[in-house]
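To keep things clear, I will list the structure first and then write my remarks on it.
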Amino acid sequence: MAFQAVFAAVLLSTFLFISSSLAQSARTINVRNYGVVPDGRTDNEKGFLRAWNDACNGNGASILYVPKGEYVLGPVVFSGPCKGPIMFLMTGVLKALPGPSDVSNWINFRNVNLLLIKGGGTFDGQGPSAWRFNNCAKDPNCKPLPINLKFDSVTNSRIEFVKSVNSKQTHISFHGCENVNITNVEVLAPAESPNTDGIKMGRSSGIRILNSRISTGDDCVAILSGSSNIEVSNVHCGPGHGISIGSLGKYQGELNVQGVTVTGCTFSQTDNGVRIKSWASQFQATASNFLFQDIVMDRVLNPIIIDQTYCPHTTCDQEASSHIQIRDVTYRNIRGTTSSEVAVSFECSKKFPCKNIVMTDVNFVHSRRGLSLKSTCSNVNGRSFGLQSPRPCF
Ligand SMILES: *[C@@H]1O[C@H](CO)[C@@H](O)[C@H](O)[C@H]1NC(C)=O
């Protein structure tokens with residue numbers, strides 16, 4: 001155990017070393033030497049995979065270099081474990097194949113430790129050619145379109161200075177990941193693009209999203225079952241559906257969500273600001289220890305919302321109660337304008353009322369001068385301090 005910890009620390013410092021400008025010791029693998037052509041037409045899947053395999057299987061640190069240019073790339077899985085840290089140095093533009101596709105992911109990193117993606121490049125999912133084939137807004141048994149960047153079991157890694165545009169579905173998604181820092185990332189898709197969540201995660205811990213901009217058609221950030229120790233800081237969201245914890249309670253066997261901090265974020269004309277949502281189902285879990293602090297909102301429809309009656313489809317039992325226990329949630333120094341009358345809405349479960357909701361200095365005005373605001377609550381146990389507008393229900 002101790003040996004493993006020391007070994008991990010050594011690898012991590014090697015990784016931090018190659019991520020600085022002093023990259024002399026790393027081997028550089030240029031995708032252009034693998035038959036990859038940046039002509040905006042040729043599918044470069046095979047060349048990229050061969051380049052990845054050489055980078056992954058070489059001893060020591062490797063730089064997988066994608067020079068400037070526009071590369072078409074079919075769906076790929078970049079699999080580890082690799083023999084050393086890998087820097088995916090993306091200065092070009094990768095373009096997905098146009099049209100609908102029945103694969104789950106476009107670019108999938110799997111089982112990689114010490115991955116660094118950077119370089120100012122763009123992952124273009126070609127969403128406009130596929131969004132009209134999305135049927136998930138209506139059909140709960142739909143087959144979703146591919147995710148732009150999917151990370152499965154990726155650990156001790158960083159994603160910085162890259163852009164995801166027009167994903168066909170979710171832009172960036174994490175499953176089973178640990179200690180991944182996402183900084184200076186830009187996510188961009190139109191407000192009306194369907195199901196294009198910005199950054200989504202489940203069964204992951206230590207995911208940190210910092211200094212980034214997310215403008216998309218669905219949640220800017222969605223934190224799902226089994227997430228813990230999550231940080232979202234200095235992120236701009238809008239357009240989009242806000243930063244959401246959940247939805248939870250949709251499936252059997254969901255895990256607790258624990259420890260989420262959202263600080264220094266701004267929201268512009270989003271549907272929601274900070275939202276916790278759960279389905280009215282019998283599936284049980286706890287969602288706890290959340291801090292929302294130093295947040296500014298501009299014309300947001302539902303700035304602060306807990307919705308435990310979430311049911312976007314019409315097939316839910318209106319009498320059922322959510323079995324998700326929400327507790328220990330703090331809202332501190334949150335202000336701005338709201339475009340609807342209800343600025344604060346806590347609709348908690350009758351069976352599992354929300355516990356220990358704390359509000360300190362929550363100050364909204366209506367974006368239309370002179371209109372008043374209100375809070376609505378059911379089944380909440382909470383306290384409020386300092387300045388409050390609208391007047392809280394507790
Ligand atoms: C991510 O950031 C945290 C906090 O600054 C730091 O402790 C951690 O080592 C970073 N992880 C990586 C993989 O760079």
Given (1) free of Cβ contacts under 8 Å to residues at least 40 places away in the same chain; (2) among the acidic types (D, E); (3) surrounded by 15 or more Cβ atoms within 10 Å (Cβ to Cβ), number of the condition D328 does not satisfy: (1)
Residue within the range 290-310 that is without any contact (Cβ under 8 Å) to a residue 40 or more places away in the chain, in a strand (DSSP E or B) and of a type in the set (K, R) present: no
The one condition in (1) away from the ligand (no atom under 16 Å from the Cβ); (2) over 27 Å from P190 (Cα atoms); (3) surrounded by fewer than 24 Cβ atoms within 10 Å (Cβ to Cβ); (4) at pLDDT 95 or above that V257 fails to fulfil: (3)
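Kindly indicate whether S278 is among the hydroxyl-bearing types (S, T, Y), under 22 Å from G249 (Cα atoms) and assigned to a strand (DSSP E or B). Steps first, answer last, please.
Values: among the hydroxyl-bearing types (S, T, Y): yes; under 22 Å from G249 (Cα atoms): yes; assigned to a strand (DSSP E or B): yes.
Yes.
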Could you please let me know if N179 is touching a residue at least 40 places away in the same chain (Cβ under 8 Å), more than 29 Å from E70 (Cβ to Cβ) and within 16 Å of the ligand (Cβ to nearest atom)? no
Please identify the pairs in which a residue from the range 14-42 that is at positive phi has its Cβ atom under 6 Å from the Cβ atom of a residue that is at pLDDT 95 or above, counting only partners at least 6 apart or on another chain. G35/G47; G40/E70
Among I223, I245, I214, I207, which is the only one that is modelled with pLDDT of 95 or more, within 15 Å of the ligand (Cβ to nearest atom) and not polar (S, T, N, Q)? I207
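Look through I86, I172 and report the one residue that is under 27 Å from S227 (Cα atoms) and under 16 Å from the mean Cα position of the chain (by Cα). Full working, then the answer.
Numbers: I86 fails: under 16 Å from the mean Cα position of the chain (by Cα).
On inspection, the qualifying residue turns out to be I172.
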Residue list for the range 88-115, restricted to those being in a loop (DSSP other than H, G, I, E, B) and under 19 Å from D43 (Cβ atoms): G92, A96, L97, P98, G99, P100, S101, D102, V103, S104
When residues of the range 134-153 are limited to those that are closer than 16 Å to S212 by Cβ and away from the ligand (no atom under 16 Å from the Cβ), the one surrounded by the most Cβ atoms within 10 Å (Cβ to Cβ): N148
Looking only at residues that are within 16 Å of the ligand (Cβ to nearest atom) and not in a strand (DSSP E or B) in the range 182-202, which one is farthest from P144 (Cα to Cα)? N184
Looking only at the range 335-394, count how many residues are within 29 Å of the chain's Cα centre (by Cα) and without any contact (Cβ under 8 Å) to a residue 24 or more places away in the chain. 0
Looking only at the range 80-87, decide whether some residue is within 16 Å of the ligand (Cβ to nearest atom), crowded, with 20+ Cβ neighbours inside 10 Å and aliphatic (A, V, I, L, M). yes
Would you mind finding the one in W106, W131 that is of a type outside the set (D, E, K, R), more than 16 Å from the ligand (Cβ to nearest atom) and crowded, with 24+ Cβ neighbours inside 10 Å? W106
Could you grab me the full set of residues in the range 200-211 that are within 11 Å of the chain's Cα centre (by Cα) and over 16 Å from K168 (Cβ atoms)? M201, G202, I207, R208, I209
By residue number, the members of the range 154-165 that are away from the ligand (no atom under 13 Å from the Cβ) and buried (at least 24 other Cβ atoms within 10 Å of the Cβ) are S164
Matching residues in the range 127-137 - criterion: being in a loop (DSSP other than H, G, I, E, B) and free of Cβ contacts under 8 Å to residues at least 12 places away in the same chain: N135
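Within the range 85-111, how many residues turn out to be touching a helix residue (DSSP H, G or I) at 6+ places or on another chain (Cβ under 8 Å) and among the aliphatic types (A, V, I, L, M)? First the steps, then the outcome.
Step one: list which residues in the range 85-111 are touching a helix residue (DSSP H, G or I) at 6+ places or on another chain (Cβ under 8 Å), which gives 85-87, 98-100.
Retained after the next criterion (residues that are among the aliphatic types (A, V, I, L, M)): 86-87.
Counting residues in the range 85-111 that are touching a helix residue (DSSP H, G or I) at 6+ places or on another chain (Cβ under 8 Å) and among the aliphatic types (A, V, I, L, M) gives 2.
If you check V300 against the conditions, is it modelled with pLDDT of 95 or more and out of contact with any Cys (no Cβ under 6 Å at 6 or more places or on another chain)?
yes
The values are calculated or read from the model by the stated rules, or taken from the named source; none is laboratory data. Not measured: the values here are computed from a predicted model. Because the Cβ atoms are built from the backbone with ideal geometry, glycine has one as well, and the counts that use them run over all protein chains shown.
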